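In what follows, a single structure is set out as structure tokens and then discussed.
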Amino acid sequence: MPIRSAQDLVLVRQAVRTWSAELKFSLVEQTKMVTAASELARNTLDYGRGGHVTLEMLQEGLRKGLRLSFEDKGPGIPDIDLALRDGYTSGGGMGLGLGGARRLVNEFDIVSKVGEGTRVTVTRWK
Amino acid sequence: MERIPILRMGRVLLVTIQVDMHDQLAVTLQDDLTAKIVETGAGGVLIDISSLEVVDSFIGRILGNIATMSRVLDAQTVVVGMQPAVAITLVELGMSLPGIRTALNVEKGMTLLQASMDADEVVLEVADASLED
């Protein structure tokens, strides 16, 4: 799904909600996943100058999960540890997006190269 | 342009957010509310978010802004009806909405607003009386 405008953020939230419900996530799990997606999609839009997200349903033995990969070709993040810290922001936000999103999911992975872009992958298991 | 309606009930402005707000809509609400407080001289703002299924850090920040701006404009804000799943998520996200008063539902929110607006008036009357003395 493309992330090019504030309207796209709404569509991403809706899609993640539908997929989480299909996986029979509890209401709290759904809300956490949708909120994490909203934070990360906004980062892609505001800091990555737009990009896209890929949704993926996972099955590992008996457990099922939902994986979201946010990719942009923006400026990249020079210091990932700093970017993950609560309260740190390079923009005008509150600095809760990246660190907060990490707390809302089970697995969190970030790859970023200055000048090339950023990919954030999050997974939540049922 | 799409807008969230603001209703007036006596000295209170009532806002019910019933859609998944995109960012611009939230910013417009913030601007409309501050304008409306000045225009009507409202003493309280009640925001019902019981239909909101997601409150992320952006919406949280807007709610905080509204509370702060209305306080500067001599009005009080109470946010009511937050869903339990939203509350759990907000706290894990790291947002405890400092400076925002909350109530469980519209009725309790109204009572809270009314009480604090009345208290404000008593303080004003006392101040006036002591000035006259």
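Quick notes on this structure:
- Output for the stretch A:97-126, where each listed residue is within 14 Å of chain B (Cβ to nearest Cβ), within 21 Å of A:S20 (Cα to Cα) and either in contact with an Asp or Glu (Cβ under 8 Å, 6 or more places away or on another chain) or outside any strand (DSSP E or B) (or both): A:G97, A:L98, A:G100, A:A101, A:R102, A:R103, A:L104, A:V105, A:N106, A:V122, A:R124
- Residue count, the stretch B:83-120 (criterion: among the charged types (D, E, K, R) and within 14 Å of chain A (Cβ to nearest Cβ)): 1
- Residue in the stretch A:2-22 that is within 15 Å of the chain's Cα centre (by Cα), more than 14 Å from every other protein chain (Cβ to nearest Cβ) and closer than 23 Å to B:L25 by Cβ present: yes
- Taking residues in the stretch B:92-110 that are more than 20 Å from B:R11 (Cβ to Cβ), and partners anywhere that are open to solvent by 70 Å² or more (accessible area, probe 1.4 Å), the pairs with Cβ atoms closer than 6 Å and at least 6 places apart or on different chains are B:E92/A:R103; B:G94/A:D86.
- For the stretch B:64-77, the count of residues that are more than 11 Å from the chain's Cα centre (by Cα) and either within 11 Å of another protein chain (Cβ to nearest Cβ) or surrounded by 18 or more Cβ atoms within 10 Å (Cβ to Cβ) (or both) is zero.
The values are calculated or read from the model by the stated rules, or taken from the named source; none is laboratory data. Everything quoted here is computed from the prediction, not taken from an experiment. Every residue, glycine among them, receives a Cβ derived from its backbone with ideal geometry; neighbour counts consider all protein chains shown. Heads up: the accessible areas ignore ligands, DNA and RNA and are worked out on the full protein's heavy atoms, side chains in. Shrake-Rupley method; radii C 1.70, N 1.55, O 1.52, S 1.80 Å.
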